[in-house]
Amino acid sequence: MNCICFAQRTLEVAALHPITGRSAEREFHVARAARDKYQFQHPLFTLRGNVVFADFHAARLFAQAINQTRDLSRHPDQAARAGDINAMGLIDEIMHHVILCYLDEFGDDLMAEAREFLISQIGEQEIDRTLLHFCRSFPPREVYQDSTTCEAYLEKLHDGVPGRDLALEELIMLWIENQNPAYAPYAELFPDRDLTSDTAYANIIQGLQDFFADKPAFGPENLTLIETLLAPIKAHPHSLDQQLAYIRRRWSSWIGRYLFRLLRSLDLIAEERKAHFSGAGPAQVIEYGRRGVGMLEYERFSPDTEWMPNVVMLAKSTLVWLNQLSDQYGYEIRTLDRIPDQELDRLAAAGFNSLWLIGLWRRSHASRRIKQMCGNPDAEASAYSLLEYEVAEEIGGWPALENLRSRCNARGIRLASDMVPNHTGIDSPWVISHPDWFVQLPHSPFPSYTFNGENHSGVDGVGIYLEDHYYDRSDAAVVFRRVDFGSGRERYIYHGNDGTSMPWNDTAQLDFLNPDTREAVIQTILHVARNFPIIRFDAAMTLAKKHVQRLWYPEPGSGGDIASRSEHGLTAEEFDRAMPQEFWREVVDRVAEEVPDTLLLAEAFWMMESYFVRTLGMHRVYNSAFMHMLKNQDNQKYRQTIKNTLEFDPAILKRFVNFMNNPDEETAVVQFGKGDKYFGVATLMVTMPGLPMFGHGQVQGFAEKYGMEFRRAYWNEQPDMELVHRHERELFPLMRRRYQFSGVDRFRLYDLWGDHGQIHEDVYAYSNEAFGARSLVLYNNAYETVWGRLSLSAGYVEKDGHGNRRHRQVHLAEALGLHNDHRRFCIMYEQKSRLWYIRNSADLWSSGMFVNLQGYQTQVFVDIYEVTDNEFAHYARLADSLRGGGVPDVDNALKEIYLKPLHESFALVANSGVCQELSAEFTGQLPKKAATWDELRDNYQRFLRVAADYACGPADVAGAAQEFDARLRTLLATRHLELVRPHEHVPSFRKALHAFTLGLRETPARVSTMIALLMLKPLGVLVHEDDDDYDCGCEDGQPNSAAGLAEDLMLLTRLAPVLPVRPFENEDEIAWKLRVRILLTNYNWLSLFEQGQSARNVTAALLSDSDVSSYLGVNTHDGVVWYNKERMDTLIWWLLAVGMLQVAYDDIISRHSQSIDESPEVVMTRVLRLYDYYERLRLAHASAAYRVERLLEALDEPNVEVDT
């Protein structure tokens, strides 16, 4: 039995071709000059019978000896590689073996026969002289060590084989080596120039070729022996690994005993050629099936509990966040319990219900020290180089965490924590007390490593030494040195490593072939789960069985990912015996049993996403393809990934974690910008199935990438408030209804088909439904505008409770719950534009939905429902009028259809021309003749006749027309101040007039509101508003007042755009409409004061009106009732204004009715009372400090002196 020994494990391989009778030792010969120069002391490879020993460590020592004499700093390309040395030696040895196979098959005496043939051709003396020259230039070990002479070596038998025959065989190998271009970088090891010039070497080689040309053909290509030996070189002249691969493929019947060594030699070459580090690698389309992922794996999802599908996570680098909060709030916030409530309120209001705190645990002291020694004196230890899973004291320890957790729970926010199962800090208690739990060697894997730096252990009795070259960044060693000072034992423990990047040099790699290690890690995970409802497992993919083996115990022929591990590999059978089940499956089952209701989230790449959730049972898994493909606009690839997932198992899609950056990547704004593309991709993130995860500072637009060792941000960045506000408008409302998008049972993906039958792959279109709420999301992830139609969904699979699968496609109209009926209409609210859209249901069934998207445009349709049209075809008329466009309010739009006759008649009086003329007359800019106003009166009466049809009960058209005439005359008379003048000078009367007219001059917008009141106040007469004895017969909810009718008939909406000046005063349109409503409702407020009520009571009555309270912004804070100053300023003047207009109106009505005119004293008295209240309210407001109670108290003070 052949035995290949390596490290601490032995792999036994049966020899396919044991060679008998020729067991003499053959060496990988090196020229004496090279041995003297490099001081090689041992042969690299030996062939001793049927036992083969391969020594990779010796190959590294050999390469190191060469490299020490070369100027690699200036000529790094001249470095000798152990993998090349090993490969050359192995090729040499295999070729010796092939020669033995030939001799075994065709006669052991063939080499002696060949020597006799050469003697006949060249002469014995020349042959001996050549062999002696060869022996002296390439001495066998015993000759080089002066144990014998060349003459004696050639004369004696070596295990029955004459020395000359052995030397002749080695001469063939020397010539073969010099014919191999791949050996050229190492030509100094086996030069044959002197042999060629000074001996019969060339003639001997030619003679051997002639001799074997006449002998039986051999091997898979049926060649001569010499041609067979040259075949790998001719096939791949410049590649050692390709020559080995050729040998593996074509000489498989000869190399059974060498197979594993050959595979490991290939692995060693692969290790050394990994010159570039590329992180997780490029994103790829996930393909399910025998050539892809998942087809051969069993299905065993972990069920979600009720809250899990709707998680929206925000990541925070804890130390950096605390420092930023300190700057933001202006006081020190160093511990978790000091995080302000208002900060948590803000997160909850936005829709975040999970907070991932990065860097909670006690960190490695060595990690901090190493980073500081490497140039960052402010550095903290890496958040992923941990001592133990205890909350760090510097952030408040467990009490501070409990305080924060309690406050977060009260707001519906669950805390999430990291767990780093792959490794610990190099100075962790496990490294000190349980060193056997780590991947290690008894010697340094590379001779060039030195460990003479600072001891990082932090405890007596143990030394922890980082490899010296790490400090100057000239190398990144794969191991560190651990020394037990008591016993003197040295261990070289590997750093954590995922094989894609530099080793994590402040970490120690746990050995998951050790069952004690696995159990210790599981107990730690359970400890974390008992304290956090969400756990994120860092680098989880490294602990899947296939990757534990690939990285640390590679199956021969599959290694090369971590330097020096190829020689310590295991076969699949051996590995399965050491690690019989998936570690993560055991973790998931243990957590489900012992700490249920814990969401387990895996950071996993390498096309293992579906395996982690579907087979291993993780609740969620990273989906890096989302970030990479959408950033790079690989839209066809990502849409294909979605399609493949839907057709294989849609439940996988629900379990993705979608993100635009993570702590290992550049920030979201660096990758996606701050414009429409960012918000388009972010919209996909929050509206697709799969957990949305926002990065630290993403909402604020921070560009700095926070390293795991950061204590603070190094860039002085301030939140981009425009970006924040856009999040508030476009994303947070969607996050707050996350339940509507998180499921997959009703998720449907659609292709957008262009006019020419092409699919617009840049467009993401999908619908979903939850609890009867339907949605449709559209996004164009490209610069170019596209248009087309959506109809049939992409395929998806439905599964029943028995495991049966049915592939389906559905129409968009079906997914939206629509009927194929022309009387039905689909109503949709588009969240970004805040517009409602209407589409005919039957048209959607027959033609699909037409879509036109600008570059990076997003549309999110929610609140989708279907209606049936009425006999008047209001919905059809609305759809026709909009022509595909949107409206702010469908009900109002329908109402406008219904009110169209009324609005057309109202436009005869409420148009820009009339309003401009009224304004000009009122301000004295352009007096008009009475005939113009007669036309206005006639048109207003026509309007009243139409309005009467919309009023409940009998309408008083004539009375309302008379009211309009009186109000018009009042408005026109006011400019000329045609009030009854007092017979003597009364200062307060003049002050009242001055306050009124000054307010008009200083605020032109008030003229527009005067016109609005003129147009609307007569409606009160139309519906008998002031007739307490009149029963109009109106049903509940029907308006019977000027204010109610104006609102119900949408007259203010029609009026506002045609007024001569925008009527708003420190307010928006909504507040202005509210103010008009207040003035219409309280037009006769002065009568209360004239009836003897106190100023306080009159004011209290006004404040009790909910409209007035709302307009003034009345609110309670800290037990005090407050109001808005600017709104009160506006309202006080308008109370004066409508009071003045009412006095003038009453005087005009009195004179018009031919009754006794109000005496000058009566008019003066009313104006003085009005002014008395105005002044009292104004002064009370000035002293109240915006407090309602103080305002009312100030009105109780003695009356202001006014003239009588």
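Once the gyration tensor of the Cα atoms in region 1062-1151 is diagonalised, the equivalent ellipsoid follows with semi-axes of 25, 18, 9 Å, ordered largest first. Given R0 = 22 Å, the distance between the Cβ atoms of Arg746 and Glu299 translates into a calculated FRET efficiency of 0.60. Treating r as the C-beta distance of Glu1126 and Lys643 and R0 as 51 Å, the FRET efficiency rounds to 0.35.
Over all other residues within a Cβ to Cβ distance under 10 Å of Phe656, the charged ones net out to +2, with Lys and Arg as +1 and Asp and Glu as -1. Fully extending the segment from Cys952 to Asn716, taken as 0.36 nm per residue of separation minus the present Cα-Cα distance, adds 78.5 nm. Annotation: amide H-H contacts under 5 Å for Leu835 (H modelled 1.01 Å from N, sequence separation of 5 or more, or interchain): Glu830.
Whole-Hz Karplus values for region 947-956 come out as 4, 4, 5, 9, 8, 8, x, x, 9, 9 Hz, taken residue by residue from phi with 6.51 cos²θ - 1.76 cosθ + 1.60 and θ = phi - 60°; glycine and proline positions read x. Counting neighbouring Cβ atoms within 10 Å and putting the fewest first, the residues Ile759, Ile122, Ile204 line up as Ile759, Ile122, Ile204.
Here the gap between Ala217 and Leu993, fully extended at 0.36 nm per residue and compared with their Cα-Cα distance, gives a gain of 266.6 nm. DSSP bridge analysis restricted to the chain gives an antiparallel fraction near 75%, rounded to the nearest 5. Sorted into 10 angstrom bins from 0, the C-alpha pair distances of region 789-886 split as 14, 40, 29, 12, 4, 0 percent.
Placing R0 at 35 angstrom, the Cβ-Cβ distance between Arg806 and Asp889 gives a FRET efficiency of 0.25 after rounding to 0.05.
Checking the cross-link pairs Lys637/Lys677; Lys677/Lys799; Lys895/Lys1017; Lys643/Lys705 against a 25 Å limit on the alpha carbon distance flags Lys677/Lys799; Lys643/Lys705 as lying beyond it.
Close amide H partners of Asp751, meaning residues 5 or more places away or on another chain with modelled amide H under 5 Å apart, are Ser791, Ala794. Taking other Cβ atoms within 10 Å as a rough exposure proxy, Cys915, Cys374 sort from fewest to most as Cys374, Cys915. Each of Lys900, Lys316 was scored by other Cβ atoms within 10 Å of its Cβ. Listed from fewest to most, they are Lys900, Lys316.
Normalised by the number of residues in region 745-898, the average gap of Cα pairs under 8 Å and 6 or more apart makes the relative contact order 24 percent.
Round to a whole angstrom and tell me the spacing of the C-alpha centers of region 571-650 and region 449-506. Cα centroid of region 571-650 versus Cα centroid of region 449-506: 33 Å apart.
In order along region 601-618, phi translates into HN-Hα couplings of 10, 10, 7, 9, 10, 6, 6, 9, 4, 5, 4, 5, 8, 7, 10, 7, x, 4 Hz, rounded to whole numbers, per the Karplus curve 6.51 cos²θ - 1.76 cosθ + 1.60 with θ = phi - 60° and x for Gly and Pro. Ellipsoid fit via the Cα gyration tensor, the chain: semi-axes of 93, 34, 25 Å, each the root of five times an eigenvalue, largest first.
Calculate, in nm to one decimal, what Arg346 and Leu1088 gain on full extension: separation in residues at 0.36 nm each, minus their alpha carbon distance.
Residue separation times 0.36 nm, minus the Cα-Cα distance, leaves 262.5 nm.
Taking each DSSP H run with n ≥ 4 as -39500 (n - 2.57) and averaging over every residue of the chain yields -13000 deg cm²/dmol at 222 nm. Neighbours of Pro503, meaning other residues whose beta-carbon lies under 11 angstrom from its beta-carbon, give a summed charge of -4 when Lys and Arg score +1 and Asp and Glu score -1. Taking label positions 7 Å along the Cα-Cβ direction at both Asp676 and Gln242, the computed distance is 5.0 nm, reported to one decimal.
Modelled label positions at Ser120 and Arg136, each set 7 Å beyond Cα in the direction of Cβ, lie 3.1 nm from each other. The simple spin-label model puts a point 7 Å past each Cα toward its Cβ; for Ala187 and Ser847 those points are separated by 7.8 nm.
Around the amide H of Phe446, modelled in the peptide plane, lies no amide H under 5 Å away from a residue 5 or more places distant or on another chain.
For the chain, the relative contact order works out to 7 percent when only alpha carbon pairs closer than 8 Å and six or more residues apart are counted.
3J(HN,Hα) along region 1192-1197, derived from phi through the Karplus expression 6.51 cos²θ - 1.76 cosθ + 1.60 where θ = phi - 60°, amounts to 5, 4, 5, 6, 7, 5 Hz, with x in place of Gly and Pro.
FYI, it's all coordinate maths here, none of it is from the lab. Small disclaimer: the values here were computed from a predicted structure and weren't measured. Cβ: placed from backbone, ideal geometry, glycine included. Neighbour counts: every protein chain shown.
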